[in-house]
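Data block below; observations after.
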Amino acid sequence: MEAVEIESLDDVVALRRRIARAAAASATRIGVHLETNRWPLGLLKSLKFEQMGRHPLEDRDLNLIEQINQTATYLASLRAVEILLREHPAARGFTLNLGTRRGLDIQSKEPGAVAAEIFAAVKHTNNGKLKRDVHALLTKASGHKARYVMFAAPGFDEGRRPELEKADAPNIKVWAVTIYTKSPKD
């Protein structure tokens with residue numbers, strides 16, 4: 001997937017709508033499957049191995065488990081960008097490296113202004129992701145004026161989480177973001 005350029009909240013809303021359309025298409029497919037196949041293990045097999053899902057932003061099918069994971073990460077990224085647009089209006093917008101693209105997850109268009117890593121997980125401690133993202137910012141974004149690790153995980157209200165920030169990682173802010181909420185513009 002190519003990098004995604006975000007310059008305004010309208011860009012965020014447009015991408016969120018595309019993600020919602022992909023989710024709706026998958027929900028329809030699940031409904032059809034449930035009407036025609038009542039075997040519960042068959043449903044789980046189909047969700048895992050068949051192309052019942054839609055890519056959140058590309059025009060192609062994929063398995064539903066992958067769609068769920070990508071959707072959560074993309075929505076967390078979009079919410080993070082909404083916050084960064086508000087916190088850093090001079091950043092001139094942001095570039096998102098979604099999916100398996102190399103590079104920092106989010107970077108300001110203004111060189112050296114803002115860098116962020118983002119993830120969505122069942123727990124903020126899963127797979128050491130928070131620690132790895134802090135390390136990535138320390139090594140790959142040391143010259144950026146503002147650095148963030150942002151995450152979506154159950155049990156956290158949206159906002160800065162200073163209790164998760166590390167003394168050995170100065171100037172890296174940790175923020176929780178919420179996803180799966182309806183935007184006022186949607």
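The values are calculated or read from the model by the stated rules, or taken from the named source; none is laboratory data. Only a predicted model underlies this, so the values are computations on that prediction, with no experimental measurement involved. Heads up, the Cβs are rebuilt from the backbone with ideal geometry, glycines too, and the neighbour counts pull from every protein chain shown.
Key figures
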item: Residue in segment 102-124 that is modelled with the lowest pLDDT, counting only those that are farther than 14 Å from ALA76 by Cα and among the aliphatic types (A, V, I, L, M); result: LEU104
item: Residue check for ALA22: part of a helix (DSSP H, G or I), of a type in the set (A, V, I, L, M) and in contact with a strand residue (DSSP E or B) (Cβ under 6 Å, 6 or more places away or on another chain); result: yes
item: Sole exception among (1) touching a residue at least 60 places away in the same chain (Cβ under 8 Å); (2) surrounded by 14 or more Cβ atoms within 10 Å (Cβ to Cβ) for THR100, by number; result: (2)
item: Residue check for THR125: surrounded by fewer than 23 Cβ atoms within 10 Å (Cβ to Cβ), under 16 Å from the mean Cα position of the chain (by Cα) and among the polar types (S, T, N, Q); result: no
item: Hits in segment 1-36 - residues which are among the hydroxyl-bearing types (Ser, Thr, Tyr) and either without any contact (Cβ under 8 Å) to a residue 24 or more places away in the chain or farther than 19 Å from ARG54 by Cβ (or both); result: SER8, THR28, THR36
item: Test: residue in segment 64-85 that is surrounded by 15 or more Cβ atoms within 10 Å (Cβ to Cβ), in contact (Cβ under 8 Å) with a residue 12 or more places away in the chain and more than 17 Å from the chain's Cα centre (by Cα); result: no
item: Within segment 35-57, tally of residues that are over 24 Å from the mean Cα position of the chain (by Cα) and assigned to a helix (DSSP H, G or I); result: 9
item: Qualifying positions in segment 98-138 - farther than 18 Å from LYS166 by Cα, in contact with a Phe, Trp or Tyr (Cβ under 8 Å, 6 or more places away or on another chain) and aliphatic (A, V, I, L, M); result: LEU98, ILE106, VAL114, ALA120, ALA121
item: Tally, over segment 4-57, of residues that are under 17 Å from GLU82 (Cα atoms) and modelled with pLDDT under 90; result: 0
